[in-house]
1. Whether any residue in the stretch 201-209 is free of Cβ contacts under 8 Å to residues at least 12 places away in the same chain, assigned to a strand (DSSP E or B) and of a type outside the set (Asp, Glu) is what I want to check.
2. So, of the residues in the stretch 48-68 that are in contact with a helix residue (DSSP H, G or I) (Cβ under 8 Å, 6 or more places away or on another chain) and surrounded by fewer than 16 Cβ atoms within 10 Å (Cβ to Cβ), which turns out to be nearest to Glu172 (Cα to Cα)?
3. Restricting to the stretch 158-203, name every residue that is surrounded by fewer than 16 Cβ atoms within 10 Å (Cβ to Cβ) and among the small types (Gly, Ala, Ser).
4. If the requirement is being out of contact with any Cys (no Cβ under 8 Å at 6 or more places or on another chain), under 21 Å from Val114 (Cβ atoms) and assigned by TED's automatic domain parsing to the domain that holds Gly74, which of these qualifies: Leu212, Leu178, Leu199?
5. Select from the stretch 101-128 the residues that are surrounded by fewer than 16 Cβ atoms within 10 Å (Cβ to Cβ) and not small (Gly, Ala, Ser) and write down the one among them that is farthest from Lys183 (Cα to Cα).
6. Among the residues in the stretch 31-39, are any farther than 20 Å from Asn182 by Cα and among the β-branched types (Val, Ile, Thr)?
7. Any residue that is in a strand (DSSP E or B), of a type in the set (Phe, Trp, Tyr) and closer than 16 Å to Ile29 by Cα - is there at least one of those in the stretch 165-180?
Amino acid sequence: MADPIKISELRKDYKFKALLESDVLTDPIEQFKVWFDEAMQAQLPEPNAMCLSTIQHNQPSSRYVLLKGIEHQGFVFFSNYNSNKGSEMEAIPNVALNFIWLELERQVRVEGTVSKLTDAENDDYFYSRPIGSQIGAIVSAQSSVLKDRKELDDAWTAIEGKYHTEKPIRPEHWGGYLVKPNKIEFWQGRSSRLHDRLLFTLNEGKWELCRLSP
């Protein structure tokens, strides 16, 4: 039997690229687009997966969601407004996002505030989704307690047939969010753990750049 792997001995020396101040654009959202395009071109799995962190009762809570748009003002994703994260963002609209692209030895950290999209924006995206995803949004009372899997499957079966001939209606409790950042950090792994960290901070409407110690 092989000796168990010691977690403390797991390590990788990062040598893919450097990140200098001269390498980045002055607008961090435009710089994010550059890195996101490179993650797409590298054909990484789920490059738009991002960890969303919220707060309730002084307790942070994190989960992965999918980025669905990059706007001039920030980052767009969709969810159930009645879910745990929806309730948490309603109470405290301060959130954090984290993207990690391990194959490129990169991560991006975002801090900012979140707001809901308009009904028109929600409809545009909802009706662009596959029909199964539309029905899923109707069936699932996200974050509520289920007796078992059968309860969810039965709810699907009960309504799925009607949508062979009838167009689903977007639930009012389902829609999008825009995260407007006030901080964006670009992290590039470097050898000997001397990583590059470039932080953009929004100050009176202008982005300021500084380098952080690793």
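The values are calculated or read from the model by the stated rules, or taken from the named source; none is laboratory data. Not measured: the values here are computed from a predicted model. Note that we place each Cβ from the backbone using ideal geometry, even for glycine, and neighbour counts take in every protein chain shown.
1. Just the residues of the stretch 201-209 that are free of Cβ contacts under 8 Å to residues at least 12 places away in the same chain, to begin with: 203-206, 208.
Of the ones still in play, those that are also assigned to a strand (DSSP E or B) are 203, 206, 208.
Remaining after also requiring of a type outside the set (Asp, Glu): 203, 206.
Yes, the stretch 201-209 contains at least one residue that is free of Cβ contacts under 8 Å to residues at least 12 places away in the same chain, assigned to a strand (DSSP E or B) and of a type outside the set (Asp, Glu).
2. The qualifying residue nearest to Glu172 (Cα to Cα) is Lys68.
3. Residues satisfying the conditions are Ala158, Gly161, Ser191, Ser192.
4. Leu178
5. Tyr127
6. no
7. Checking the stretch 165-180: not a single residue is in a strand (DSSP E or B), of a type in the set (Phe, Trp, Tyr) and closer than 16 Å to Ile29 by Cα.
Every residue, every condition in (1) closer than 30 Å to Lys12 by Cα; (2) of a type outside the set (D, E, K, R); (3) touching a Lys or Arg at 6+ places or on another chain (Cβ under 6 Å), yes or no:
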{"position": "Glu90", "(1), (2), (3)": "no, no, no"}
{"position": "Pro93", "(1), (2), (3)": "no, yes, no"}
{"position": "Thr113", "(1), (2), (3)": "no, yes, yes"}
{"position": "Asp119", "(1), (2), (3)": "no, no, no"}
{"position": "Pro130", "(1), (2), (3)": "no, yes, no"}
{"position": "Ser133", "(1), (2), (3)": "no, yes, no"}
{"position": "Trp156", "(1), (2), (3)": "no, yes, no"}
{"position": "Thr165", "(1), (2), (3)": "no, yes, no"}
{"position": "Trp187", "(1), (2), (3)": "yes, yes, yes"}
